[in-house]
Amino acid sequence: MKVLVLGGDGFCGWPTTLHLSDKGYDVIVVDNLSRREIDLELEVESLTPIRPMGERIRTWKELTGKEIGFVNLDLAEEYERFLGLLRDERPDAIVHFGEQRAAPYSMRNAAAKRYTVDNNVRGTHNVLVAIVESGLDIALVHLGTMGVYGYGWSGSAPIPEGYLTVKVPTPDGEIEREILHPANPGSVYHMTKTLDQLLFAFYAKNDQLRITDLHQGIVWGTQTPQTALDERLINRFDYDGDYGTVLNRFLMQAAIGHPLTVHGTGGQTRAFIHIRDTVRCIQIALENPPDRGDQVSVFNQVTETYRVIELAELIAKETGVEIAHLPNPRREAVENDLNVSRERFIALGLDATTLTEGLLEEIRDVANKYSYRADTTKIIARSVWKQGMETSPDLVS
Ligand code: NAD
Ligand code: USQ
């Protein structure tokens, strides 16, 4: 099966590329390397020493004999080139990771808000139009987010996988309807993912495109069996205040003895998944596409839920590091419960890595090993959701 991996140079895209290549898929990465440019803009680097794309691909070939293609292309700006690529390569499927994915980055300033919307919405729409115009039957798997549902909207009821059955009052009595779960984004980035959902619903209905939308939780961990084969294949590890996600940030902070940066009380509950399970879920999604004419197939791609403070306490217990309660730079509920349905992946055979299994390995093999590369001035989150919100002091000098 031939697959294009859009955003295949990124944190989720690179390990997915290697996993699929390892499993015998013919993989072509499409990426404009914008994430590497944003590192330059923010003056930060991945904690792990990631190598240039050419070296990554040559190393994989050297170790396994397998070829991975690479096209440097901007999905939002280069529609004709992307359409030409589809016509030339005639892929069976596309996995779409190619968006600006950090909520804090998307809230930095007007330029970052506009870039995030332009890049993500135009890119996704271009992908859909190009599939239609190519006339090819290409299945699309998109990486969406749990954040499209918002937090706490439906109380303690489990968040369903994409759709909600509602009762609509009519003069003749109530009728039942299935609707897309109401969108309740918490950042400009999350808002772009809710807009993506409407684009998918339209093109599945109008053009019978076969689309799977994976509502993924926060990905943690770094390595998969393939990225761990050679240091030149190592995956990205973001720890800075914009791109670092909470659990990996805490692991890195523990490794350098920095107090854990809990926002507010840490009462926010979020869903998590290890990167090893992300890549397996993508393969499962590729192997189980919807039929033409089906509605968008939605999976909740999460394995566990935790409160932020529970994560901090778990790591503090293992490592002895302190916990700091900082002013929360985001507009979000002080605390929320989260109950997520995730039957679909379990039914299709996902056997997940739990936090208690993977945590120590991550601290030992990645966070400690590369802690010498950390820039402590980049740890505190500086991006605030609304002007005038308090930012945190630096915790180490
Ligand atoms: P990432 O930033 O590491 O990777 C995204 C990749 O897409 C980068 O290599 C970037 O250069 C590329 N890209 C961005 N815009 C592009 C464009 N216009 N044209 C071509 N390439 C472009 O992000 P990630 O963590 O790997 O996330 C991948 C996807 O998974 C995102 O869509 C994100 O919303 C989703 N997701 C990520 C997480 C997480 O915790 N990392 C959780 C849930 C969902
Ligand atoms: N948080 C802290 N301290 C920190 C960092 C974060 O307390 O140092 C808190 C945040 O306030 C928030 C929670 O931890 O309540 C999660 O923050 P995060 O940065 O780990 O995750 P988020 O911004 O939601 O975004 C990440 C990915 C995004 C993906 C999303 C999945 O960057 O691409 O869509 O996770 S989800 O959260 O399920 O929507």
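The values are calculated or read from the model by the stated rules, or taken from the named source; none is laboratory data. Being a predicted model, the structure only gives us computed values, none of them experimental. FYI the Cβ positions are ideal-geometry reconstructions off the backbone, even for glycines, and counts take in every protein chain you see. Please note that ligands, DNA and RNA were not included when accessible areas were found on the heavy atoms of the full protein model with its side chains. Shrake-Rupley method; radii C 1.70, N 1.55, O 1.52, S 1.80 Å.
Considering (1) within 14 Å of ligand 2 (Cβ to nearest atom); (2) touching a helix residue (DSSP H, G or I) at 6+ places or on another chain (Cβ under 7 Å); (3) of a type in the set (D, E, K, R), the lone condition that R330 does not fulfil carries the number (2). Taking first residues from region 1-12 that are on the phi > 0 side of the Ramachandran plot and partners that are within 16 Å of ligand 2 (Cβ to nearest atom) and open to solvent by less than 10 Å² (accessible area, probe 1.4 Å), the Cβ contacts under 6 Å between residues at least 6 apart in sequence or on separate chains come to G7/G13. Please go through region 13-25 and pick out each residue that is open to solvent by 20 Å² or more (accessible area, probe 1.4 Å) and either within 16 Å of ligand 1 (Cβ to nearest atom) or within 20 Å of L73 (Cβ to Cβ) (or both). Across region 13-25, the qualifying residue is only Y25. Hey, does region 212-229 have a residue that's more than 21 Å from the chain's Cα centre (by Cα), modelled with pLDDT of 95 or more and more than 30 Å from V296 (Cα to Cα)? For region 212-229, residues more than 21 Å from the chain's Cα centre (by Cα), modelled with pLDDT of 95 or more and more than 30 Å from V296 (Cα to Cα): present.
Residue count for region 294-332 satisfying the condition of being open to solvent by less than 50 Å² (accessible area, probe 1.4 Å) and either touching a Lys or Arg at 6+ places or on another chain (Cβ under 9 Å) or under 30 Å from H181 (Cα atoms) (or both): 15. Filtered by the rule that a residue be outside any loop (DSSP other than H, G, I, E, B) and either near ligand 2 (Cβ under 8 Å from one of its atoms) or basic (K, R) (or both), region 254-271 gives L260, T261, V262, H263, R270, A271. Look through region 338-397, keep the residues that are at pLDDT 85 or above, among the acidic types (D, E) and not in a helix (DSSP H, G or I), and return whichever of them is least open to solvent (accessible area, probe 1.4 Å). Looking at residues that are at pLDDT 85 or above, among the acidic types (D, E) and not in a helix (DSSP H, G or I), I get D375. May I ask you to list the residues in region 64-84 that are more than 16 Å from ligand 1 (Cβ to nearest atom) and open to solvent by 80 Å² or more (accessible area, probe 1.4 Å)? Of everything in region 64-84, just one residue is more than 16 Å from ligand 1 (Cβ to nearest atom) and open to solvent by 80 Å² or more (accessible area, probe 1.4 Å), namely E67. If the condition is being closer than 13 Å to P259 by Cα and either assigned to a strand (DSSP E or B) or in contact with a Cys (Cβ under 7 Å, 6 or more places away or on another chain) (or both), then region 318-337 contributes I323, A324, H325, L326.
Contact map, region 85-98: first residue of a type outside the set (D, E, K, R), second residue modelled with pLDDT under 95 and away from ligand 1 (no atom under 16 Å from the Cβ), Cβ cut-off under 9 Å, separation 6 or more or different chains; the map is empty. Here I315 fulfils each of the conditions (1) under 23 Å from T145 (Cα atoms); (2) β-branched (V, I, T); (3) in a helix (DSSP H, G or I); (4) over 18 Å from the mean Cα position of the chain (by Cα) apart from (1). Identify all residues within region 26-39 that are open to solvent by 20 Å² or more (accessible area, probe 1.4 Å) and away from ligand 1 (no atom under 12 Å from the Cβ); write none if there are none. Residue satisfying the conditions is D26 alone. Consider region 102-122 and keep the residues that are outside any helix (DSSP H, G or I) and not hydrophobic (A, V, I, L, M, F, W, C). The one that is most open to solvent (accessible area, probe 1.4 Å) is R108. How many of the residues in region 245-273 are open to solvent by less than 10 Å² (accessible area, probe 1.4 Å) and within 11 Å of ligand 1 (Cβ to nearest atom)? Here the count works out to 5.
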